[in-house]
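Student: I'd like to ask some things about the structure below.
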Amino acid sequence: MHTVTLEGNGDLTEWRDAARALLLARVVPQDTDWRCRQDVSDDLFAPLAQASISPVADTANPRALTLTVPKTFLALAEAVVCHNDPARFQLLYRTLFRMQDERMLLEVRSDIDVAQLHAMEKSVRRDSHKMKAFVRFKEVGAGDGSARRRFVAWFEPDHHIVARTAPFFQRRFTDMDWIIATPKGVAAWNGDVLTTSTAPAKNPMLTDGTDVLWRTYFSNIFNPARLKVKAMQAEMPKKYWKNLPEAELIPGLIAGAEASVVAMAERAATLAPLFHQRLQAAAQAAPVSILPPAGTLEGLREEARHCTRCALHCHATQTVFGEGPADAKIMIVGEQPGDQEDLAGRPFVGPAGKVFDAVAREVGLERSAAYVTNAVKHFKYEPRGKRRIHQKPNMGEVQHCKWWLKLELALVKPNLVVAMGSTALVSLTDSRQKLSDLRGQILQLGTDQSLLVTVHPSYLLRIPDPARRAEEMARFRADMASVAAFA
Ligand code: URA
């Protein structure tokens, strides 16, 4: 029996070297016993079972030393060695051995070994995907003398996927220093070098303001009317919950889902059209005892209340004008009011506003010190049953409403304007440039004003893929941190 003891931390090279030696020596799979060092240390008899695996190589024929395998096998093997099952090495060797005679073996998906390899590969891929989705970085303050922000995350993978998945985080989170600690190794990035180790780490048990953001975000994307507990648990398996700040909301949200749906239905029945029309009439008719002076923000707000510059005023409840200090240094520009803003008459009070507020709070940006407004001041929607579905304003509507935005800019004179989303960008710059090309940079807007372009918070609420969502949330947070730093 040939016993091979490997570290078993997901490194293909150690298995490949051992497998090549055995194969060149024509050792049949039944005569091999593959072990992982951590399993062996508990096995009293392990030392007795050790055997040499040096090949009986045909040195006269160097070609005999090279083994060729299809690329697909190598790709499979790279993933499968990361699997946690001790049987993976034997399975890989058995497949490699069989492939010497059965060249098309990998094509036979019904073959039990091939099927098992694919199942293991899938499990590793899924684990890696979950790591991308569920790593939650916590800020631990800037490093000594460094302006770079530092973050630490804790994650518990099923398999040895840290080294395999770390380059994803390096690509996505280049502008911060981070460490991802796991019981199966650690990955660290310092802006220059990505290092990985297989040494197990301990949970640093950290919390920070981002936890609140995740909870705000989750409670806003949670739709009780669409709740499917099984699908939800498949997407976010329970074993990850203990390290996800937002997970503590789940039992309560599930328990309250039925009552929320009933409440939503009742609310919907009284909302449109009667409630909305009453508000609309009231907003139009509100008496103004003393007119604010022209040329002031209050005067402008009063004028905008009666705006009929485009057809959107016909169906919206009321004009949702900007709000905030008349001498704010920062102006935040969104797209247009949503359903809740239309009814409340205030910008960013609905789900997108909650995400914005949570991020602003987290990065130390005081919303009350900023002037918050929209490119378009009336809610554009399409009635669908009892619901009003948001519609993107068209170019004509944006151009008509620019009248108000320009006057707001002229009166408030902010130092920094933040365009959230492409409608705000077009309105502010007339530029057809892609938002993604300008995003996160501080640009010039006019002679003494700066512009920062970022995504709209409602975009974050619509991203279905958890990994992309986490990535975009972090980027939005970084953009808002630049705004706070500017302030
Ligand atoms: N989306 C916006 O762009 N503005 C709001 O006020 C609310 C949602």
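The values are calculated or read from the model by the stated rules, or taken from the named source; none is laboratory data. Keep in mind that this is a model prediction, so the values were computed, not measured. Every residue, glycine among them, receives a Cβ derived from its backbone with ideal geometry; neighbour counts consider all protein chains shown. Remember, those area values only see protein heavy atoms, side chains included, never the ligands or the DNA or RNA. Shrake-Rupley method; radii C 1.70, N 1.55, O 1.52, S 1.80 Å.
Student: Assess whether L425 counts as being touching a Pro at 6+ places or on another chain (Cβ under 7 Å) and either on the phi < 0 side of the Ramachandran plot or in contact (Cβ under 8 Å) with a residue 60 or more places away in the chain (or both). It would help to see each step written out before you state the result.
Tutor: On the way: touching a Pro at 6+ places or on another chain (Cβ under 7 Å): no; either on the phi < 0 side of the Ramachandran plot or in contact (Cβ under 8 Å) with a residue 60 or more places away in the chain (or both): yes.
No.
Student: Since W34 meets every condition but one in (1) at pLDDT 90 or above; (2) out of contact with any helix residue (DSSP H, G or I) (no Cβ under 6 Å at 6 or more places or on another chain), which condition does it not meet?
Tutor: So the condition that W34 fails would be (2).
Student: If we scan the range 379-389, do we find a residue that is more than 9 Å from the ligand (Cβ to nearest atom), of a type in the set (S, T, Y) and not in a loop (DSSP other than H, G, I, E, B)?
Tutor: yes
Student: From the list A316, A294, A328, which one is farther than 25 Å from H276 by Cα, out of contact with any strand residue (DSSP E or B) (no Cβ under 6 Å at 6 or more places or on another chain) and not in a helix (DSSP H, G or I)?
Tutor: On the way: A316 fails: farther than 25 Å from H276 by Cα; A328 fails: out of contact with any strand residue (DSSP E or B) (no Cβ under 6 Å at 6 or more places or on another chain).
A294 is the lone residue from the list that is farther than 25 Å from H276 by Cα, out of contact with any strand residue (DSSP E or B) (no Cβ under 6 Å at 6 or more places or on another chain) and not in a helix (DSSP H, G or I).
Student: Do we find that A360 is open to solvent by less than 40 Å² (accessible area, probe 1.4 Å), of a type outside the set (V, I, T), part of a helix (DSSP H, G or I) and assigned by TED's automatic domain parsing to the domain that holds S482 in this structure?
Tutor: Numbers: open to solvent by less than 40 Å² (accessible area, probe 1.4 Å): yes; of a type outside the set (V, I, T): yes; part of a helix (DSSP H, G or I): yes; assigned by TED's automatic domain parsing to the domain that holds S482: yes.
Spelling it out, A360 is indeed open to solvent by less than 40 Å² (accessible area, probe 1.4 Å), of a type outside the set (V, I, T), part of a helix (DSSP H, G or I) and assigned by TED's automatic domain parsing to the domain that holds S482.
Student: Counting only residues that are within 14 Å of the ligand (Cβ to nearest atom) and in a loop (DSSP other than H, G, I, E, B), how many does the range 452-474 have?
Tutor: Going through the range 452-474 one residue at a time, the tally reaches 2.
Student: Just give me the residues in the range 343-361 being in contact with a Leu (Cβ under 7 Å, 6 or more places away or on another chain), within 9 Å of the ligand (Cβ to nearest atom) and hydrophobic (A, V, I, L, M, F, W, C), in sequence order.
Tutor: Quick first cut of the range 343-361, residues in contact with a Leu (Cβ under 7 Å, 6 or more places away or on another chain) only: 343, 351-352, 355, 358-359.
Among the residues that remain, those that are also within 9 Å of the ligand (Cβ to nearest atom) are: 351-352.
The answer is A352, and nothing else.
Student: How many residues are open to solvent by 60 Å² or more (accessible area, probe 1.4 Å) and either of a type outside the set (V, I, T) or assigned to a helix (DSSP H, G or I) (or both) when one looks only at the range 104-118? So that I can check it myself, show each step before the final result.
Tutor: To start, the set of residues in the range 104-118 that are open to solvent by 60 Å² or more (accessible area, probe 1.4 Å) comprises 104, 107-110, 112, 116.
Then keep just the ones that are either of a type outside the set (V, I, T) or assigned to a helix (DSSP H, G or I) (or both); that gives 104, 107, 109-110, 112, 116.
Qualifying residue count for the region: 6.
Student: Within the range 59-82, can one find any residue that is among the small types (G, A, S), over 19 Å from L106 (Cβ atoms) and at pLDDT below 90?
Tutor: Within the range 59-82, one or more residues are among the small types (G, A, S), over 19 Å from L106 (Cβ atoms) and at pLDDT below 90.
Student: Would you point out the residue of the range 393-426, among those that are in contact with a helix residue (DSSP H, G or I) (Cβ under 7 Å, 6 or more places away or on another chain) and more than 22 Å from M480 (Cα to Cα), that is nearest to the ligand (Cβ to nearest atom)?
Tutor: Only one residue fits best here, namely P393.
Student: Okay, moving on. Please enumerate the residues belonging to the range 313-342 that are within 12 Å of the ligand (Cβ to nearest atom), open to solvent by 40 Å² or more (accessible area, probe 1.4 Å) and touching a Leu at 6+ places or on another chain (Cβ under 9 Å).
Tutor: D339
Student: Taking the range 191-211, which residues are farther than 23 Å from L244 by Cα and in contact with a Pro (Cβ under 9 Å, 6 or more places away or on another chain)?
Tutor: L194
Student: Right, here's the next one. Of the residues in the range 152-175, how many are touching a residue at least 40 places away in the same chain (Cβ under 8 Å) and in contact with a strand residue (DSSP E or B) (Cβ under 6 Å, 6 or more places away or on another chain)?
Tutor: The number of residues fulfilling the criteria is 5.
Student: Given the conditions (1) modelled with pLDDT of 80 or more; (2) within 28 Å of A410 (Cβ to Cβ), which single one is not true for P292?
Tutor: (1)
One line per residue, one yes/no per condition, for (1) within 17 Å of the chain's Cα centre (by Cα); (2) open to solvent by 20 Å² or more (accessible area, probe 1.4 Å):
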{"site": "F151", "(1), (2)": "yes, no"}
{"site": "P183", "(1), (2)": "no, yes"}
{"site": "L194", "(1), (2)": "no, yes"}
{"site": "P200", "(1), (2)": "no, yes"}
{"site": "L213", "(1), (2)": "yes, no"}
{"site": "F222", "(1), (2)": "yes, yes"}
{"site": "E235", "(1), (2)": "yes, yes"}
{"site": "K238", "(1), (2)": "no, yes"}
{"site": "N243", "(1), (2)": "yes, yes"}
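Student: If a residue counts only when it is hydroxyl-bearing (S, T, Y), out of contact with any Leu (no Cβ under 9 Å at 6 or more places or on another chain) and modelled with pLDDT of 90 or more, which strands (runs of 3 or more DSSP E) contained entirely in the range 152-206 have at least 2 such residues? Steps first, answer last, please.
Tutor: Numbers: elements: 177-182, 185-189, 194-197.
Filter on the range 152-206 gives 194-197.
Student: Of all residues being of a type in the set (D, E, K, R) and modelled with pLDDT of 95 or more in the range 108-125, which is farthest from G8 (Cα to Cα)? Just the residue, please.
Tutor: So the first thing to find is which residues in the range 108-125 are of a type in the set (D, E, K, R), and the list is 109, 111, 113, 121-122, 125.
Still in the running and modelled with pLDDT of 95 or more: 111, 113, 121-122, 125.
Values: D111: 25, D113: 20, E121: 16, K122: 18, R125: 17 Å.
For the range 108-125, the residue satisfying everything is D111.
Student: Has the range 284-302 got any residue that is open to solvent by less than 70 Å² (accessible area, probe 1.4 Å), within 16 Å of the ligand (Cβ to nearest atom) and of a type outside the set (S, T, N, Q)? Even if it seems obvious, please write down each step before you answer.
Tutor: Residues of the range 284-302 that are open to solvent by less than 70 Å² (accessible area, probe 1.4 Å), as a first pass: 286, 288, 292, 295-297, 299-300, 302.
From the residues that got through so far, the ones that are within 16 Å of the ligand (Cβ to nearest atom) too are none.
Looking for residues that are open to solvent by less than 70 Å² (accessible area, probe 1.4 Å), within 16 Å of the ligand (Cβ to nearest atom) and of a type outside the set (S, T, N, Q), one finds none in the range 284-302, hence no.
Student: Can I ask one more? Could you please tell me which pairs satisfy a Cβ distance under 7 Å, a separation of 6+ or placement on different chains, a first residue in the range 72-101 that is in a helix (DSSP H, G or I), and a second residue that is of a type outside the set (A, V, I, L, M, F, W, C) and buried (at least 21 other Cβ atoms within 10 Å of the Cβ)?
Tutor: V80/R88; Q90/T32; Y93/T32
Student: For S368, which of the numbered conditions (1) surrounded by 15 or more Cβ atoms within 10 Å (Cβ to Cβ); (2) in contact (Cβ under 8 Å) with a residue 24 or more places away in the chain fails to hold?
Tutor: So S368 meets the others, but not (1).
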